[in-house]
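Following: one structure in structure tokens, then a few remarks.
Taken together, the values in this text are just the output of simple stated rules run on the coordinates, not laboratory data. Not measured: the values here are computed from a predicted model. Neighbour counts are summed over all protein chains in view; Cβ atoms, including those assigned to glycine, are modelled from backbone coordinates with ideal geometry.
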Amino acid sequence: MNEPAIALNVREHEDPAVEVRINFGVFAGRSVTPAEIDDLATALRGLVSSFAIVAEDRHEFGGGVEAALGQVVVEVPREHAGPEPDVLAERIVLAANGWALECIAARPAADGL
């Protein structure tokens, strides 16, 4: 019997038609909450019928430099991006900016960042 794998090598990956990255942690000074992700989903439902939201703590290493930041990524599959994915991406960026500013105003970082 095969046990489920913890780590997997993904050889092929179909990129989403639209990928919007939101540098939430840089501006909020904290990680996004599950409730805030739900609020973003509500804001995006009027723009696109199917999408994924990924909240990630990203750590990058190289050349003696380390960086860590909290990002939120919105991905829209090709079949749901419509005939003008660039226009959809612009609309998502505008909605995400407004959402992030509301989140930051409603719950600022504890240290005042």
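Convex hull volume per residue, computed on the Cα atoms of region 18-106, equals 99 Å³. Each helix, a run of at least 4 DSSP H residues, gives -39500 (n - 2.57); summed and divided by the residues of the chain, these come to -10500 deg cm²/dmol at 222 nm. Evaluating 6.51 cos²θ - 1.76 cosθ + 1.60 at θ = phi - 60° for every residue in region 8-24, the Karplus couplings come out as 10, 8, 9, 7, 10, 9, 8, 5, x, 6, 10, 9, 10, 9, 10, 7, 4 Hz, glycine and proline recorded as x.
Database remark: amide H of Val18 closer than 5 angstrom to the amide H of Val76 (H placed geometrically; neighbours at sequence offset of 5 or more, or on other chains; Pro and chain starts carry no H). Dipole size of region 18-106 about its Cα centre, with +1 on Lys/Arg Cβ and -1 on Asp/Glu Cβ: approximately 100 debye, rounded to the nearest 20.
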